[in-house]
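Nothing in this text is a laboratory measurement; each read-out follows from the coordinates by a stated rule. Being a predicted model, the structure only gives us computed values, none of them experimental. Methodologically, a virtual Cβ is constructed for each residue, glycine included, from the backbone with ideal geometry; neighbour enumeration extends over all protein chains shown.
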Amino acid sequence: MMGAARKAARNLVRDFGEVENLQVSMKGPGDFVSSADLKAEKTLRAELKKARPNFGFLLEEGGIVAGDDKSHRWIIDPIDGTTNFLHGIPHFAISIGLERDGEMIAGIIYEPIRDEMFHAEKGAGAFLNERRLRVSARRNLDDAVLATGIPHRGRPGHALFLKEVAAVMAAVSGVRRQGSAALDLAYVAAGRCDGYWESGIKPWDIAAGIVLVREAGGYVSDFDGKGDMMACGDIVAANTHLHQPLLKLLRDARG
Ligand code: IPD
Ligand code: CA
């Protein structure tokens with residue numbers, strides 16, 4: 001998984017360098033970024049297929065690809081943080097999750113600009129490059145920095161999000177909209193953020209991050225505290241102390 005991500009990242013970094021030049025052209029970098037996305041996904045798919053020829057895929061761009069092995073599938077987002085990429089903001093990542101019989105068992109999130117490889121395997125811990133990761137130890141929401149995603153034009157849930165953020169911003173030290181759900185989860189695993197929540201998220205945005213947070217000792221759930229994040233698209237992740245208080249805050253705010 002790490003080898004595949006590093007290989008796809010080489011082109012991505014080159015393409016990211018090009019985006020700056022394209023910003024000033026009339027056409028803008030839009031089409032160029034979609035082709036960078038597709039190229040990265042193609043490399044990831046080819047590399048992972050070489051390693052495990054029978055596994056299936058769920059790809060952000062390519063959709064579902066059934067494999068002969070019905071138990072295992074790769075869940076891939078070739079660029080999470082596409083809007084950042086498009087605007088020349090150096091905060092985006094490749095995300096690869098491995099699912100076995102409906103359960104996430106391994107994940108990597110690779111942020112190529114800072115060369116940060118977040119990786120985790122069920123039962124084996126979470127790491128940033130070689131360093132073992134732990135979620136933060138903060139016990140109070142007052143001290144917490146939380147990440148979130150703001151629904152943009154064309155997405156539902158604007159009114160609900162305003163209620164959530166009104167409640168959260170009054171309770172915490174800071175709220176961040178960093179632009180990559182995968183990295184938001186990696187940052188929770190690394191203890192950089194104390195929690196993260198978002199609605200309307202897709203499986204490829206969170207598949208790898210779920211394993212990372214769990215293996216770093218944190219909790220991940222939907223708004224009901226259940227494990228249905230991948231199906232319902234709602235996610236709340238936090239360290240052990242703040243998960244329940246954050247859930248309660250969000251539930252009360254949503255009414
Ligand atoms: C998006 C990012 C963003 C999140 C959105 C996602 P994309 O993925 O993860 O942080 O708020 O919900 O769609 O479009 O950059 O792959
Ligand atoms: Ca994404």
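It is to be established whether one or more residues within segment 149-159 are closer than 22 Å to Cys232 by Cα, among the basic types (Lys, Arg) and within 16 Å of ligand 2 (Cβ to nearest atom). Yes: segment 149-159 contains one or more residues that are closer than 22 Å to Cys232 by Cα, among the basic types (Lys, Arg) and within 16 Å of ligand 2 (Cβ to nearest atom).
Residues of segment 80-90 include at least one that is under 30 Å from Asp31 (Cβ atoms) and charged (D, E, K, R). Between Leu133, Leu160, the distinction of being over 18 Å from the mean Cα position of the chain (by Cα) and surrounded by 14 or more Cβ atoms within 10 Å (Cβ to Cβ) belongs to Leu160 only. Just name the residue that is nearest to ligand 1 (Cβ to nearest atom) out of those in segment 231-242 that are under 19 Å from Ile96 (Cα atoms) and buried (at least 23 other Cβ atoms within 10 Å of the Cβ). By that ranking, first place goes to Ile235. The residue that is farthest from ligand 1 (Cβ to nearest atom), among those in segment 170-199 that are out of contact with any strand residue (DSSP E or B) (no Cβ under 6 Å at 6 or more places or on another chain) and of a type in the set (Ser, Thr, Tyr), is Tyr187. The single condition among (1) within 21 Å of Cys193 (Cβ to Cβ); (2) within 14 Å of ligand 1 (Cβ to nearest atom); (3) crowded, with 19+ Cβ neighbours inside 10 Å; (4) not polar (S, T, N, Q) that Ala126 does not satisfy is (2).
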